[in-house]
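First the structure, in the form of C-alpha cells, and then the observations on it.
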Amino acid sequence: MSGADVLTFGCRLNLHESEAIAAQTRHLDDVVIVNTCAVTASAERQARQAVRRAHRERPDARIVVTGCAAQVAPEKWLALPGVSRIVGNVEKTKAAIWKADALDAPPRPVPDIMTAPVPATPVVETGGHVRALLQVQQGCDHRCTFCIIPFGRGPSRSVGVADVVGRARVLVEAGHREIVLTGVDIASWGQDLDGRPTLGVLCRAVLDGVPDLARLRLSSLDPAAFDEELWRVLAEEPRFAPHLHLSLQAANDLVLKRMKRRHSRAQAGALIERARSLRPELGVGADLIAGFPTETDEQAQDTLDFVRDHRIAYLHVFPYSERPGTPAARMPAVPNALRQQRAAALREAGLANRTLFWQGLVDQGLIGGTLDVLMEGPERGHSAQFAAIRLTGTRAQRGERLIVRAVALDPDAVVARMT
C-alpha cells in the first residue's frame, strides 16, 4: 500500500496536522483526505475543487473531508459527490479514526468543537525537513469580527510545558534543527493552565530543556499579547530566532476597532521598534487584510504607510473574504476589485521592503558581518532572520548549520559564501 493521499489547504497548523494524518494513514490505499480551511472563500473553493477533481479522476476512491471548513458546515461537504465521511477537528489526529474498520463504519455526527477536548497533534518526525512544526495550542477565545476560525477550532487549549519540552526533544533527536511553535493563537498559550504561564515562559523552558536545539521560532503572534518574559527571551537567547511574524491585519485604529482587534496602530509600531532595539538584525512579517468592510482609501493608505514606515519585509496579504455568520459579513462591503487593488499595493510594498532588508544583509556581509544559516539542501537554506539563502562556491549537507557572509542579491534569495 502507498498510503492515503492527503491534500492540505490553509495554515501551518493544518499542514502540521496533515503530516500527522499522513503518518497515521500509511496503511490505507485508494483513500483521499482533504484537510480544508475556512479562513477565506477562496480556500474553501479550492478545497471543493480538489474534492470534485479527486472524485472525477479516482471514482472508486473513498474521499474523507476534514479541517475547519468541514467542522463548521459538515453537511455541505458530505453532500459533495464522492465524499464518504466527514472527520471533525476533534478527531482528525486520532489514530483510531483512521483505522480501516472505522472508515468502513456508517458516518457519525461531527463532535461539537466548543465542548469536546482537543488533543495535541502527535509529534511527527518528518525526516525530509530541517524545520519542524510543534503544536503548543489549539483554538481561540477571541471573536474578531471577520473570523470564523473559533467555530472551527473551538476555545483556546494549551499543551503543558513538560509535554511541549518532551515533544521538542523527540523532534531534535530525530534530526530537526529548528522548531516552530505553532497553534491557532499561540500568544494565548498558558492562560488555561494552572498559574497562567506565558508564552515567554514556554520558550525559555524549551530552550533550557532542549540544549541541542539550534533554533526556536514562533509562528504568527498577536501583537496585543507580547509578555515580558518573551521580551527577555528575545533579548537574551541567541537561539531564539530574530524574526517575528505579527497577526497585524490592519494599521488604522478605526478599522482595527471594527475588526475587534486588541491592539492599536501605535502599539504595533512600538512593539516592532522595541524588538528591533533588542535585536537590530530582526526580520519582521505580518498578516494583513485588504479591503475590510467600510475601509476608506485613507484608512487603506494608513496600513500601506505603516508597512513602509516600519519596513515589514514578509507579508501575508489576504483580500477580505466574507465569512457567513460573522459580524463583518453584515458590514458595508468594499468592492472586490478595490480589495484586490489594495492587496496588490500591500504586496508590492512588502516585496520592496524585503529587497531592502536583504540588501542590508548583503551590505553587512561585505564589511564582515555574518549570517547563521540552517541548510535545507546543498545550496538552499534560511537565516535566523528567515531570509532565503543561496549558497555559492560550495555545497552543504541538509541540516548543516553554517556561518556565512552575504555577498549578493538574487530576486528570490540572498547569495552567500562560507566565511
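Annotations for the structure displayed:
- Qualifying residue in region 373-394 (condition: over 30 Å from Arg239 (Cα atoms), among the basic types (Lys, Arg) and more than 21 Å from the chain's Cα centre (by Cα)): no
- Restricting attention to region 260-286 and to residues that are charged (D, E, K, R) and surrounded by fewer than 16 Cβ atoms within 10 Å (Cβ to Cβ), the residue that is nearest to Pro335 (Cα to Cα) turns out to be Lys260.
- Pick from region 196-239, criterion part of a strand (DSSP E or B) and under 14 Å from Val136 (Cβ atoms), ranking: farthest from the chain's Cα centre (by Cα): Leu216
- Listed by position, the strands (runs of 3 or more DSSP E) contained in region 310-419 that have at least 1 residues being polar (S, T, N, Q) and closer than 26 Å to Glu273 by Cα are 380-383.
- Residues that are among the hydroxyl-bearing types (Ser, Thr, Tyr) and surrounded by fewer than 20 Cβ atoms within 10 Å (Cβ to Cβ) were ranked within region 360-419; the one that is nearest to His243 (Cα to Cα) is Thr370.
- Among the candidates Thr121, Thr115, residue that is of a type outside the set (A, V, I, L, M, F, W, C), under 27 Å from Arg323 (Cα atoms), touching a residue at least 60 places away in the same chain (Cβ under 8 Å) and not in a helix (DSSP H, G or I): Thr121
- The listed residues are Arg347, Arg395, Arg311, and the only one of them that is closer than 30 Å to Ala174 by Cα, out of contact with any Cys (no Cβ under 9 Å at 6 or more places or on another chain) and among the basic types (Lys, Arg) turns out to be Arg395.
- Residue list for region 22-46, filter: within 15 Å of Arg85 (Cα to Cα) and not in a loop (DSSP other than H, G, I, E, B): Val31, Val32, Ile33, Val34, Asn35, Thr36
- Hits in region 191-208 - residues which are surrounded by fewer than 16 Cβ atoms within 10 Å (Cβ to Cβ) and under 24 Å from Asp372 (Cβ atoms): Asp208
- A count restricted to region 169-190 and to residues that are without any contact (Cβ under 8 Å) to a residue 40 or more places away in the chain, surrounded by fewer than 22 Cβ atoms within 10 Å (Cβ to Cβ) and either within 19 Å of the chain's Cα centre (by Cα) or not in a helix (DSSP H, G or I) (or both) stands at 0.
- Within region 1-21, the set of residues being at pLDDT 90 or above, outside any helix (DSSP H, G or I) and under 16 Å from Gln71 (Cβ atoms) comprises Thr8, Phe9.
- Matching option when the condition is touching a helix residue (DSSP H, G or I) at 6+ places or on another chain (Cβ under 6 Å) and touching a residue at least 60 places away in the same chain (Cβ under 8 Å), among Ala132, Ala100, Ala69: Ala69
- Residues located in region 51-72, provided they are open to solvent by 20 Å² or more (accessible area, probe 1.4 Å) and not in a helix (DSSP H, G or I): Arg58, Pro59, Asp60, Arg62
- Test: residue in region 84-94 that is open to solvent by 60 Å² or more (accessible area, probe 1.4 Å) and either over 20 Å from the mean Cα position of the chain (by Cα) or on the phi > 0 side of the Ramachandran plot (or both): yes
The values are calculated or read from the model by the stated rules, or taken from the named source; none is laboratory data. Bear in mind the structure is a predicted one, so any value in this text is a computation, not a measurement. Because the Cβ atoms are built from the backbone with ideal geometry, glycine has one as well, and the counts that use them run over all protein chains shown. Note: areas computed on protein heavy atoms with side chains; ligands, DNA, RNA excluded. Shrake-Rupley method; radii C 1.70, N 1.55, O 1.52, S 1.80 Å.
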